[in-house]
Every structure is written in C-alpha cells, then in structure tokens.
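Q: One structure coming up, written as structure tokens, with questions to follow.
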Amino acid sequence: MDTKNDDGTAPVLLLVGSSGGHLAQLLALRPWYEQWQRCWVTFDTPEALSLLNGEDLVPAHHPTTRNVPNLLRNALLAWRVLRARRVAAVVTTGAGVAVPFVVLARLRRIPTVYIEVYDRIDTPTLTARLCRPFLSAMLVQWDEQRRQYPEATVVGTLL
C-alpha cells in the first residue's frame, strides 16, 4: 500500500463505519492498518472525533436508519470521496453509511471488504444483506456466522 501511483499519491485505505460499536471494531484493526495511508468515513460525533483525532476524517451524514435523504447525501459523499482519492480498498463494519460506499466502490472496481459485527450471530444485519452482492470479501467474527454467510472467512473477534 505504500507504493505511489503514477501521479505521486499513495493509495488510501478507506475505513467506513457508523460511530459507536462499528467504529470501535474498525479501530481494533489498528495493527493491520497502521502502516497504510488511510481515510475514515464516520459520523462527526464527539466520541468519533476524539477517537480519530489526527486522522484523515470525512464526516458522513446521520442518522442513516430509515433516512432516505441522508442515504442520498451519503451516496453523493461516496461518489465525491471515491473520485477525489486513490482508494485501494474499502473496509467496513457497517451500518447504513457503508451501503453507498460499498456499492459505488465496487462499481469502480475497488475491492470491498465487509466485517460482520460480533453481536449478530443468528441473523445477518440489514447492511450486510444490502452490501453482500457488491463485496470482494465477507469476513465474520464467529464460526456460527458462517451459517448466514457460507462464503465468509472467520477472522475471530475484534473486541
């Protein structure tokens, strides 16, 4: 990931997730992503701003649950971010903010990775169901989650 593109810019890992538990699970991946240039997309809540202090942060529109105007705003945001940056991959734990980023990234042939949250063992999340057709890789944290996602790779718990 640290090699430069033709224009001299380094590719960016785009980490997308709602604030709270989704963000906490992405932050738990620090040993994996810390050597890469990255950009975060999450809500600009006080907690998220504190946790991501000093990081490249693009604030997303919230709330996202059953909020079509914010879905459209986040789709426009995803389009702008994916055009403006050299994104190497999109990694997300959900929730609603992830959908437009995953769909538009996949349409641009950017690899997309979804990590199902650790507390949904028996049923898939709505976001995972919506994103699934657009994913390059599906990761789960429990063996039991493979009943919902037989193609998934078990990575173990993040928290």
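Where a number appears in this text, it was derived from the coordinates with a stated rule and is not lab data. Everything numeric in this text was worked out from a predicted model, so none of it was measured. Here the Cβ positions follow ideal geometry from the backbone for every residue, glycine too, while neighbour counts run over all protein chains shown.
Q: Once R0 is set to 22 Å, what does the formula 1/(1 + (r/R0)^6) return for the Cβ-Cβ distance between W32 and R129, expressed as a FRET efficiency to the nearest 0.05?
A: Values: r = 25 Å, r/R0 = 1.15.
For R0 = 22 Å, the calculated efficiency reads 0.30.
Q: Using the alpha carbons of the stretch 76-135, what is the convex hull volume per residue in cubic angstrom, as a whole number?
A: Numbers: hull volume 4.2 nm³, N = 60.
Spread over its residues, the Cα hull of the stretch 76-135 gives 70 Å³ apiece.
Q: Roughly how tilted is helix 68-84, in degrees to the nearest 10 and between 0 and 90, from the longest Cα axis of the chain?
A: Helix 68-84 sits at roughly 50 degrees to that axis.
Q: Please work out how much length the chain gains when fully extended from R146 to S50, using 0.36 nm per residue of separation minus the C-alpha to C-alpha distance, in nm with one decimal. Numbers along the way, then the final one.
A: Values: separation 96, 0.36 × 96 = 34.56 nm, distance 3.42 nm.
Length difference between fully extended and current span is 31.1 nm.
Q: Same structure, new question: Once the Cα atoms of helix 98-107 and of the chain are each reduced to a long axis, what angle between those two axes, in degrees from 0 to 90 to the nearest 10, is obtained?
A: Once rounded, one gets 70 degrees.
Q: Using the Kirkwood radius over C-alpha pairs as Rh, can you work out the diffusion coefficient of the chain via Stokes-Einstein at 37 °C, viscosity 0.692 mPa s, in µm² per second? List each step's numbers first, then the result.
A: Values: Rh = 15.7 Å.
Estimated via Stokes-Einstein, D reaches 209 µm²/s.
Q: GluC sites (Glu not before Pro) within the stretch 1-101: which are DSSP loop residues with at most 16 other Cβ atoms inside 10 Å? Display every interim value, and only then the final one.
A: Working: sites: E34, E47, E55; in loops: E34, E55.
Here the GluC sites (Glu not before Pro) that fit, given the DSSP loop and packing criteria, are E34, E55.
Q: So what are the ³J(HN,Hα) numbers for the stretch 146-159, from phi and the Karplus equation (6.51, -1.76, 1.60; θ = phi - 60°), rounded to whole Hz, Gly and Pro as x?
A: In residue order, the calculated couplings are 5, 4, 7, 10, x, 7, 6, 9, 7, 10, x, 6, 8, 10 Hz.
Q: Let me have the 222 nm mean residue ellipticity of the chain computed from DSSP H runs of 4+ only, each contributing -39500 (n - 2.57), with the sum over all residues rounded to the nearest 500. Working shown, then result.
A: Working: 6 runs with 50 residues, N = 159.
Computed mean residue ellipticity for the chain: -8500 deg cm²/dmol.
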